[in-house]
Amino acid sequence: MSEPIQTDPDFRNFFRTQLDLERGYEILGDLRPTLWSFSDSYIDLIRSGFEQIMADENFGPAEYERLTDIEFPDRETLHAYLRDMYDYLFGDAPEQPMPPG
């Protein structure tokens, strides 16, 4: 069985640089265009990573906080945020979601 994608350095780096405590609350509208300016393989890695962590029963607030320093009160709130972020990055959601806080 392969390693979980959240252990991939590029995937972790995306969260640390784009969704961390400092940048996660900056809803400037530039995250989607920034991501889509990268290579198709990088975009696919981030998309796959989101899909894996949303499906992973073991990925919860503690794991997300380790990646970003942002706390979520529970798994349900975290996964709603991840679904909304996925829809913003890869779907047609008009605005980047705001983490709790």
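Throughout, read-outs are computed from the coordinates displayed, never taken from laboratory work. Keep in mind that this is a model prediction, so the values were computed, not measured. Don't worry about glycine lacking a Cβ; one is built from the backbone with ideal geometry, like all the others, and counts go over all protein chains shown.
For the pair SER41 and THR77, label points projected 7 Å from Cα toward Cβ lie 3.9 nm apart. Would you mind classifying the chain by shape? Square roots of the alpha carbon gyration tensor eigenvalues, ordered a ≥ b ≥ c; an a/c under 1.5 is rounded, otherwise it is prolate if a/b is larger than b/c and oblate if not. Rounded. Its Cα centre serving as origin, the chain has a Cβ charge dipole (Lys and Arg +1, Asp and Glu -1) of approximately 120 debye. Per-residue Karplus couplings for the stretch 50-67, computed as 6.51 cos²θ - 1.76 cosθ + 1.60 with θ equal to phi - 60°, are listed in order as 4, 4, 5, 5, 5, 8, 7, 5, 8, 8, x, x, 5, 5, 5, 5, 4, 7 Hz, Gly and Pro entered as x. Subtracting the Cα-Cα distance of GLU63 and ASP87 from their residue separation scaled by 0.36 nm leaves 6.6 nm.
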